Amino acid sequence: MKKVLSLTIVFAFVMMVVFAAVPAAAQDTRVGIVLSTGGLGDLSFNDAAYRGLQRAEEELGISFDYIEPADPSEDQTALRRFASRGYDLVIGVGFQMADSLTTVAGEYPDTKFAHVDQFFEDIPENIVSLNFAEWEGSFLAGALAALTSESGNVGFVGGVDFALIHRFEGGFYQGARYINPDIEIQSRYADDFGDPARGREIALGMIDDGADVIYHAAGGTGSGVFQAAEEEDIYAIGVDSNQNYVAPGYVIASMLKKVDNAVFDTVKSVVEGNYQGGNNLYFTLADGGVDLTSLTEVGQPVLDAHENGTITDEELETIREMKENVTSPYADRIAEIKEMIINGEIEVENWGETGRPDNL
């Protein structure tokens, strides 16, 4: 009995220390997030946003809930659900949610909102917009694709034909042409962020037409691109999150879009009382908001995938060999290009603003 009592006292003391280390404001902070089409499990955009909240829960002591709308028509209802229940921060993910979030934010002026991936011309004081220089990171992806391509033919698969995705396509296009002005670049849109079968179909068509490296900005649809790459023994480049373990040895790199960091920092600003409402924030190569995964190291997400059994010992070794033989030889060149973009020697055009060229 004494032993049980002692353990109880120890446990209570530990919990007191844990909660004492977390500010009371954080313990009471509730965050609601409405995910973009495709939801959790896309190994990309939505999963990155969710990771940011998991980190905030662990490090800041906040609590959060999420909703995965089946269709964009449900976005307003989902956002309103959190706002009407007094959540301290309501986050909307994806450009398709911009109008819905603006509407609901107008109905709840005392609620703090954050939106991922939409620049607002006249942004309300209760919205902070989190944007990324996808064209800069995608330039590096395009350069790598051109450097590793043996056929002189590469491809881009977009989720939806929209200005935001043009930012990825444009950066990729310019990066590939920077390395090889004569390279052939195929671009196609799936009109869906959650259709792997469509992604596979498009990628197989590109491969039939000569592409040997394909980059996607298509959310869950991109998993079909990886499947096609593995089937046809060509290379692919992932997006948003580190996807290098999805098709071991075939995904040679991923363009990182640090949505998780941006979400975490926004939650932290609410907890600490310095929320930046009324601002469009941009995250770039210079501040690490976008980047390319290491071309020499497998990276922690890959090691985590091995640790949790997602990939085998053999698959981990396959990724290591791919890094050594395929991408490591170009690490210095990509690092040089990255620095040139940061210091302004290379200016990357943002197709989201200038528009996608008509001749593509």
Exercise. Any idea which residue in segment 347-356 is surrounded by the most Cβ atoms within 10 Å (Cβ to Cβ), counting only those that are assigned to a loop (DSSP other than H, G, I, E, B) and acidic (Asp, Glu)?
Worked result: Glu349
For this session: Identify, by number, the condition in (1) over 16 Å from Gly219 (Cα atoms); (2) open to solvent by 20 Å² or more (accessible area, probe 1.4 Å) that Asp161 doesn't meet.
Result: (1)
Exercise. What are the residue pairs meeting all of these: first residue in segment 124-137, first residue within 25 Å of Gly106 (Cα to Cα) and open to solvent by less than 10 Å² (accessible area, probe 1.4 Å), second residue of a type in the set (Val, Ile, Thr) and outside any loop (DSSP other than H, G, I, E, B), Cβ atoms under 6 Å, and 6 or more apart or on different chains?
Worked result: Leu130/Val116; Phe132/Val290
For this session: Go through the residues of segment 82-91 one by one and say whether even a single one is surrounded by fewer than 18 Cβ atoms within 10 Å (Cβ to Cβ), modelled with pLDDT of 95 or more and of a type in the set (Lys, Arg).
Result: yes
For this session: Considering each of Leu130, Leu140 in turn, give the residue that is over 23 Å from Asn244 (Cβ atoms) and in contact with an Asp or Glu (Cβ under 9 Å, 6 or more places away or on another chain).
Result: Leu130
Exercise. Looking at segment 50-79, which of its residues are buried (at least 19 other Cβ atoms within 10 Å of the Cβ) and either under 19 Å from the mean Cα position of the chain (by Cα) or not in a helix (DSSP H, G or I) (or both)?
Worked result: Tyr50, Gly52, Leu53, Ala56, Gly61, Ile62, Phe64, Tyr66, Pro69
Seminar exercise, completed: Restricting attention to segment 188-201, the residues that are hydrophobic (A, V, I, L, M, F, W, C) and crowded, with 24+ Cβ neighbours inside 10 Å number exactly 2
For this session: Consider only pairs whose beta carbons are under 8 Å apart and that are at least six residues apart or on different chains; among these, list those whose first residue lies in segment 47-60 and is more than 16 Å from Val90 (Cα to Cα) and whose second residue is surrounded by fewer than 16 Cβ atoms within 10 Å (Cβ to Cβ) and among the small types (Gly, Ala, Ser).
Result: Asp47/Gly41
Exercise. Out of segment 24-49, which residues are touching a Phe, Trp or Tyr at 6+ places or on another chain (Cβ under 7 Å) and either among the hydroxyl-bearing types (Ser, Thr, Tyr) or assigned to a loop (DSSP other than H, G, I, E, B) (or both)?
Worked result: Leu35, Ser36, Thr37, Gly38, Leu40
For this session: Of all residues in segment 91-112, count the ones that are more than 17 Å from the chain's Cα centre (by Cα) and either in contact (Cβ under 8 Å) with a residue 60 or more places away in the chain or in a helix (DSSP H, G or I) (or both).
Result: 11
Seminar exercise, completed: Scanning segment 332-346 for residues that are under 23 Å from the mean Cα position of the chain (by Cα) and either polar (S, T, N, Q) or surrounded by fewer than 16 Cβ atoms within 10 Å (Cβ to Cβ) (or both) gives Ala335, Glu339, Ile342
Problem set entry | Ala203 being more than 29 Å from Thr37 (Cα to Cα), touching a residue at least 40 places away in the same chain (Cβ under 8 Å), assigned to a helix (DSSP H, G or I) and of a type in the set (A, V, I, L, M, F, W, C) | no
Exercise. Residues in segment 211-234: is at least one touching a residue at least 24 places away in the same chain (Cβ under 8 Å), crowded, with 21+ Cβ neighbours inside 10 Å and among the polar types (S, T, N, Q)?
Worked result: yes
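Across segment 164-187, which residue is most open to solvent (accessible area, probe 1.4 Å) among those that are in a helix (DSSP H, G or I) and among the hydrophobic types (A, V, I, L, M, F, W, C)? Walk me through how you get there before you give the answer.
So the first thing to find is which residues in segment 164-187 are in a helix (DSSP H, G or I), and the list is 164-179.
From what is left, the residues that are among the hydrophobic types (A, V, I, L, M, F, W, C) are 164-165, 168, 172, 176, 179.
Values: Leu164: 13, Ile165: 7, Phe168: 7, Phe172: 0, Ala176: 0, Ile179: 41 Å².
Taking the candidates together, the pick is Ile179.
The values are calculated or read from the model by the stated rules, or taken from the named source; none is laboratory data. Owing to the predicted nature of the structure, the values given are computational and were not obtained by experimental measurement. Methodologically, a virtual Cβ is constructed for each residue, glycine included, from the backbone with ideal geometry; neighbour enumeration extends over all protein chains shown. Accessible surface areas use protein heavy atoms only, side chains included; no ligands, DNA or RNA. Shrake-Rupley method; radii C 1.70, N 1.55, O 1.52, S 1.80 Å.
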